[in-house]
Amino acid sequence: MSERVVLVGYGPVGARLLEGLLPAVRDGRIDLTVIGAETHDVYNRVLLAEYAVGRADRDGLDMGDRLVAEEAGVRFVLGMTVVGVDRDRRVVRLHDGIRIPYDRLVLATGARANVPTLAGLERAQRHRSARPGVPDQLDHGSAPLPRGVVALRDLTDAEHVRAAVSAGQRIVVLGAGVLGMELALAAAEAGAEVVVAYHSAAPMNRTLDENGGRVLAAAATAVGVEMMHHARAESIVQRYDDHGQAWFDGLVCADGKVLAGDLLVLSCGVAARTEVASLAGLAISSGVLVDGASRSWTDPDVFAIGDCAHVADPADAGADGRVPGGPSGLIGPGWRQADRLAELLSSGAALGAASAGPAAASTGPASAAASGVAGVVASISPIPVERPGVVMLKAEGIDVVAGGAVDADPFSHAPGCHGPQVTLWADPARGAYVKLVTVDGVLTGFVAVGMPRTGAELTLLFERGSELPADRSSLLRLDAPDAGMAVVADPFAADATVCWCNGVSAGAIREAVAAGEPTVACVKASTRAGTGCGGCVGRINELLTREAVPA
Ligand SMILES: Cc1cc2nc3c(=O)[nH]c(=O)nc-3n(C[C@H](O)[C@H](O)[C@H](O)COP(=O)(O)OP(=O)(O)OC[C@H]3O[C@@H](n4cnc5c(N)ncnc54)[C@H](O)[C@@H]3O)c2cc1C
């Protein structure tokens, strides 16, 4: 008999799971129902900023093929919100009261944008027992954002930003994380007037150290983005149109400054959507707590993947109940979870039909009610908790890349002592800055601003956990005008990651090209490289050009 799998959430990670389950759906092992609150077909959320500034068209966001899935037998229930799960009866309840039974439930409910506490922005009252009445209330409850305020998380938000950008309006971006900065720089390049307000001393303060951030701020200012550091936003002011409707008019800061604008884009981070899990009594921390096989700590028949999932080992929970880590908020780890879970559920479905009763050992609280799926966990190695990867700012002409912990103080450890050693180089007048943190000679954190070749080299060294050359200045010379091709390591070595979203190496791309055609489209189709955030398409092109030139 088929196993009934219900997938809640049809975002990019849910779509990837669906794709992986299709063979099992086709041959009748899995009966799949997909429930999604958005009415559209799935789209690549990562590219929303590109769409918002007019660099991508609507078709370019499409992913997945619903018709193919429907032909295979997948049922879609779109524009519907799951508001409850009865785990004893194994049914989910939709906002219109319809109940759908499951054998395995997968939550891929993603994340919502944080709305800061500002006078004039009524926050959604999110009580644990609050249930969204209709899909539109999923994120804002009964308190929608005022007109002229968006959080760039879905297509509707992106349409608002797109209209403002194409009209050359003034956009106030609140928050200077990587998304806020990417949007600000791209919108300014596309002709909008942009001001970024952030409370820290420098932008991207979760990724860069303060000096690196200051060099980035200077680069942004140089291309026309107004950067307002130490801006403590307190409230918004509104204006009224001829129909008496209120619109955003300005952001008021604690020092009384008003940043006037036509559109306020909130870029204040995201939080996992865990309310369905919470109502169902599943363990949650920063996300739905799942083990390395994406299985809930509480219920072996419930899984969570993507932005809503907090992967952790139950043994790591502190005495106070705190669990380290949290959802990465990145597409790559979510896609890897989806791939593994598809493998697991497909095999589990096959095995579940044959096996009766509890299966063999598994770890964690979930093992108590081990099932057919649990039986195959042992043969499919779980995903290790991914360490935070490298962050690259996608911006024309401004190269920023960083990875690992970069806070270490250059002067806190004497030379030769154990502990992080720091190497710094700054040339703010030229917009260049590098910070290297090493432990026992191995790179554990780095920032490179305005130093593309050094940044690429450091990325590779960080990824490989390599020891740095004793003379660190050799790395800095990579960006010197006379450096030629004096590269320490080959940025396109077989094991060098080219696409971080899909974890595709240069070697895999070469193999795809050897078996197909030397085009980006072919590489995308056969390896998936370049189909996530798209930030690596330039590097794929560079690799293809290099391969085309006879040695
Ligand atoms: C502008 C922007 C730029 C980004 N850039 C990058 C980048 O460069 N690199 C990167 O790695 N990541 C980036 N991200 C993050 C990336 O988009 C997310 O990691 C990814 O979308 C996570 O996918 P998901 O399917 O887990 O969740 P989501 O994309 O949030 O999708 C979840 C879906 O579940 C639905 N849902 C939620 N609750 C319910 C319910 N109760 N019932 C029914 N349906 C429900 C939602 O409506 C939604 O459609 C970016 C995000 C944004 C917004």
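Quick notes on this structure:
- Answer from 46, 77, 53 - the residue that is under 22 Å from residue 332 (Cβ atoms), assigned by TED's automatic domain parsing to the domain that holds residue 348 and within 11 Å of the ligand (Cβ to nearest atom): 46
- Scanning the range 189-203 for residues that are surrounded by 24 or more Cβ atoms within 10 Å (Cβ to Cβ) and farther than 20 Å from residue 253 by Cβ yields one hit, 192.
- Criterion: at negative phi and more than 11 Å from the ligand (Cβ to nearest atom) - qualifying residue of 62, 41: 62
- Any hit, the range 209-220, residues being touching a Leu at 6+ places or on another chain (Cβ under 7 Å) and closer than 23 Å to residue 157 by Cα: no
- Extreme residue, nearest to the ligand (Cβ to nearest atom), among residues of the range 313-340 that are of a type in the set (Gly, Ala, Ser) and at pLDDT 95 or above: 334
- First in the range 65-81 and closer than 10 Å to residue 41 by Cα, second anywhere and near the ligand (Cβ under 9 Å from one of its atoms) and at pLDDT 95 or above, Cβ under 6 Å, 6 or more apart: 78/36
- Residue within the range 210-227 that is surrounded by 21 or more Cβ atoms within 10 Å (Cβ to Cβ) and closer than 13 Å to residue 259 by Cβ present: yes
- Residues within the range 130-173 that are surrounded by 16 or more Cβ atoms within 10 Å (Cβ to Cβ), assigned to a loop (DSSP other than H, G, I, E, B) and at pLDDT 70 or above, tallied: 8
- Candidate set from the range 1-16 (those that are touching a strand residue (DSSP E or B) at 6+ places or on another chain (Cβ under 6 Å) and over 18 Å from residue 67 (Cβ atoms)); member that is farthest from the ligand (Cβ to nearest atom): 2
- For the range 51-112, the strands (runs of 3 or more DSSP E) that sit wholly inside it and include 3 or more residues that are over 19 Å from residue 2 (Cα atoms) are 82-86.
- Any chance residue 508 is buried (at least 17 other Cβ atoms within 10 Å of the Cβ) and closer than 17 Å to residue 400 by Cα: no
- When the range 227-284 is filtered for residues that are within 16 Å of the ligand (Cβ to nearest atom) and of a type in the set (Asp, Glu), only 275 remains.
- All told, residue 163 meets the bar of being of a type outside the set (Val, Ile, Thr), out of contact with any Phe, Trp or Tyr (no Cβ under 8 Å at 6 or more places or on another chain), free of Cβ contacts under 8 Å to residues at least 24 places away in the same chain and over 23 Å from residue 12 (Cβ atoms).
The values are calculated or read from the model by the stated rules, or taken from the named source; none is laboratory data. Since the model is a prediction, treat every value here as computed from it, not as a measurement. Note: ideal-geometry Cβ built from the backbone for every residue, glycine included; neighbour counts use all protein chains shown.
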